[in-house]
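Following: one structure in structure tokens, then a few remarks.
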Amino acid sequence: MRLFAGVAFSLLVGGALAAPLLTPPPPTGVYRSAAQYRRSQPAPAGAEVRASDKRQGLIVMQRQGSQAFGKTVVPYDSVWGYVNEKGVGYRLFQGEEYRIEAADTLTIYSNNAPNRNAGSGGPAMRTYTATGYYFSRGLSGLIFPLTEKNLRLAYEAGNPAFVAAVKDLGTLQALSDFDKKTGTYRVVRLYRDTMGK
């Protein structure tokens, strides 16, 4: 059964790899596919994007100066992702919203998820938000938690040098650490350094 799960996981995350994708953020708007995001072609573009539970979609506002002159509602089921007015990109996947941290052949995402923790005074529970990190192969692959095990399952067949480098990181360095020298996440740098080895 364990072998079957590994094979199924490999099939799910498999796919063609491309060159690194984006450096400047794409324009504000809704993106209906990863290809549109790569090409920085929102459909529709706008000055502001916000979610509307009432309308079950994203509302894209067009502005001229300080005046709003139009809005378009895009249903959630036809949205790959969006970029807000601050230039932050998000991908919608299986009903969740993931912030795009590094758009590359190994794409990194983050997601703030509420967690419960026992209070120090007894059984009362309090909720707090913790940032979780995730990855996908390219911008269109399935999204999985960023763990050594998931990276191994996704890449051991195609890039064993990368899997070995991740294993060698040890416990003092997190996969989600951002490397200021290279301007990217440590795991993305490891992936680039081991490609073709």
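If you take the residues in the stretch 178-191 that are in contact with a helix residue (DSSP H, G or I) (Cβ under 7 Å, 6 or more places away or on another chain) and surrounded by fewer than 19 Cβ atoms within 10 Å (Cβ to Cβ), which one is farthest from Asn150 (Cα to Cα)? My answer is Thr182.
Within the stretch 52-72, the set of residues being within 24 Å of Tyr134 (Cβ to Cβ) and surrounded by 15 or more Cβ atoms within 10 Å (Cβ to Cβ) comprises Gly57, Leu58.
Candidates are the residues of the stretch 135-177 that are at pLDDT below 90 and either touching a strand residue (DSSP E or B) at 6+ places or on another chain (Cβ under 6 Å) or in a helix (DSSP H, G or I) (or both); the one that is surrounded by the fewest Cβ atoms within 10 Å (Cβ to Cβ) is Asp168.
Scanning the stretch 73-94 for residues that are open to solvent by less than 40 Å² (accessible area, probe 1.4 Å) and either among the basic types (Lys, Arg) or assigned to a loop (DSSP other than H, G, I, E, B) (or both) turns up Val79, Trp80, Asn84, Gly87, Val88, Arg91.
Just to be sure, is Val74 of a type in the set (Val, Ile, Thr) and farther than 16 Å from Ser33 by Cα?
Details: of a type in the set (Val, Ile, Thr): yes; farther than 16 Å from Ser33 by Cα: no.
No: the conditions fail for Val74.
The values are calculated or read from the model by the stated rules, or taken from the named source; none is laboratory data. Being a predicted model, the structure only gives us computed values, none of them experimental. Neighbour counts run over all protein chains shown; Cβ positions are idealised from the backbone, glycine included. To get the accessible areas, we keep the full protein, side chains included, count just its heavy atoms, and leave off ligands, DNA and RNA. Shrake-Rupley method; radii C 1.70, N 1.55, O 1.52, S 1.80 Å.
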